[in-house]
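Have a look at the structure below before the remarks.
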Amino acid sequence: MKPLRILLLLLIGTLLGIFIIFSAALVAGGVSSLPSGKLPFFLTYTGLILLFLLAYEVQLIIHESGHLLFGLLTGYSFSSFRIGTTMFLKENGKLVKKKLQISGTGGQCLMVPPDTENPPFLLYNLGGVIMNFITSAIFFLIFILVFRYGRWSVIFLFLTMTGIVIGLMNGIPIHTETLANDGHNAVVLCRDKEAVRSLAVQLLAADAMNHGMRLKDMPAEWFTMPSLVRMRKNDMVTAQAVLRENRLMDAHRFDEAEEAIELLLGKDIRIHGLYRNMLLLDQAFLRLLKDGEQADISALQTKEMYTFMVQMKDYPSVQRTNFAISLLHDKDTEKAERAYQKLVSLKDTHPALSEVLGELELCECARERAANTDIPEHEEE
């Protein structure tokens with residue numbers, strides 16, 4: 001374990017220890033006045049936990065608002081704002097609510113950069129951390145001022161602590177197979193100009209999809225293939241190549257998409273765990289189109305992928321793949337239809353209708369394969 005990660009865990013552990021000690025003393029008015037009896041004691045600490053979770057949620061909203069604020073201050077425009085599974089975006093000039101769950105994330109604020117080649121990125125990327133620390137300082141001052149007026153002043157202590165915890169978790173650079181936080185991304189962006197362009201393209205593509213544009217209809221220059229050298233060193237650059245593979249799938253250029261997947265899943269390519277799992281879904285789907293019930297989909301039958309697919313059940317490509325597995329591999333038409341109807345229902349809740357429509361088209365390819373008809377010819381660039 002790297003020293004920074006050890007330090008982060010120690011700091012978080014220390015803060016949680018302070019939470020246990022201070023909250024008990026503050027809420028109960030001292031050790032001598034702690035509630036007697038199991039029920040009052042249980043209710044007191046249940047209330048503390050709920051209060052702490054509320055404070056955490058407030059600081060999570062503040063974190064994403066920090067990205068929004070500093071993005072606006074540096075020339076970005078609003079695209080979408082998500083806390084948990086609740087997402088807000090502009091549609092025909094109005095703010096609408098959608099639903100999106102991305103495994104391993106508590107929230108996300110996506111914005112449209114002012115340009116693709118050299119957009120400002122540092123304040124937008126670290127805006128959440130900055131706001132967590134600023135508000136933690138403010139809440140701590142309030143806590144000191146209102147401490148004498150009652151035990152409920154502990155909420156300001158919790159807001160202080162959760163702000164520091166979220167700030168540290170996102171500010172200290174951490175990179176694992178499934179996590180790349182704001183601090184890590186900021187370091188990568190400062191070191192690699194190609195990563196900056198990749199970030200801009202991802203943000204532009206996400207916004208375009210949220211406004212009804214299909215990946216296959218977006219400018220081809222957005223989807224240039226990054227160099228192997230960069231993808232071996234930088235998973236943010238690899239993300240642009242993943243987006244290119246998604247575009248090939250949307251255009252039904254299946255042979256090219258399969259080649260791209262083989263390359264991106266190579267052991268020497270650095271790739272975020274979320275993107276790796278999504279590529280495995282596409283790979284399994286393409287194998288099902290080719291080989292039907294004889295297709296090798298063992299990569300999806302691991303505990304890790306099962307958990308991932310359950311967590312991401314509201315994501316269109318997951319239900320598209322579930323449909324193909326049930327229809328072509330398991331020969332279970334009823335289960336396939338349930339997956340298909342689940343995908344259809346996402347048209348009302350998923351932020352990118354264009355993405356759902358593209359996945360429904362892929363389902364029709366699977367139906368044609370099941371009926372032993374020819375797969376539609378691949379579209380050209």
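Per-residue Karplus couplings for region 126-135, computed as 6.51 cos²θ - 1.76 cosθ + 1.60 with θ equal to phi - 60°, are listed in order as 9, x, x, 4, 4, 5, 4, 6, 4, 5 Hz, Gly and Pro entered as x.
Note on region 192-370: semi-axes of the ellipsoid equivalent to its C-alpha gyration tensor, largest first and rounded to whole Å, are 26, 19, 14. Over region 46-97, what is the mean sequence separation of C-alpha contacts under 8 Å (at least six apart), divided by residue count, expressed as relative contact order in percent? Relative contact order of region 46-97: 20 percent. With the simple model of a label 7 Å out from the Cα in the direction of the Cβ, L73 to V187 spans 2.4 nm.
Here region 144-290 is treated as a Stokes sphere of Kirkwood radius computed over C-alpha pairs; at 4 °C and 1.567 mPa s its diffusion coefficient rounds to 74 µm²/s. Our summary gives region 192-370 a relative contact order of 20 percent, counting only alpha carbon pairs under 8 angstrom and 6 or more residues apart.
The charge dipole of region 192-370, taken about its Cα centre with unit charges on the Cβ of Lys, Arg, Asp and Glu (plus for the first two, minus for the last two), comes to roughly 420 debye. Taking the centroid of alpha carbons for each part, region 152-221 and region 236-279 are 20 Å apart. Taken one residue at a time, the phi angles of region 251-263 give Karplus couplings (6.51, -1.76, 1.60, θ = phi - 60°) of 8, 6, 8, 5, 5, 5, 5, 5, 5, 5, 5, 4, 5 Hz. Gly and Pro are set to x.
Over all alpha-carbon pairs in region 137-228, figure out the percentage whose distance exceeds 19 Å. Please report the intermediate quantities before stating the final value.
Details: 2658 of 4186 pairs.
For region 137-228, the fraction of Cα-Cα distances above 19 Å is 63 percent.
Put the Cα centre of region 282-346 next to the Cα centre of region 76-131 and the gap is 29 Å. Scanning residues 5 or more positions from R270 or on other chains, those with amide H under 5 Å from its amide H are R232, K233, N234, with H placed 1.01 Å from N in the peptide plane.
Residues in region 221-228 carry Karplus couplings, in order, of 5, 5, 10, 5, 7, x, 6, 4 Hz; the curve used is 6.51 cos²θ - 1.76 cosθ + 1.60 with θ = phi - 60°, and Gly or Pro positions show x.
No value in this document is a laboratory result; all are computed from the given coordinates. Remember, predicted model here, so these are calculated numbers, not experimental data. When we count neighbours, we look across all protein chains shown, and the Cβ atoms used for this are built from the backbone with ideal geometry, even at glycine.
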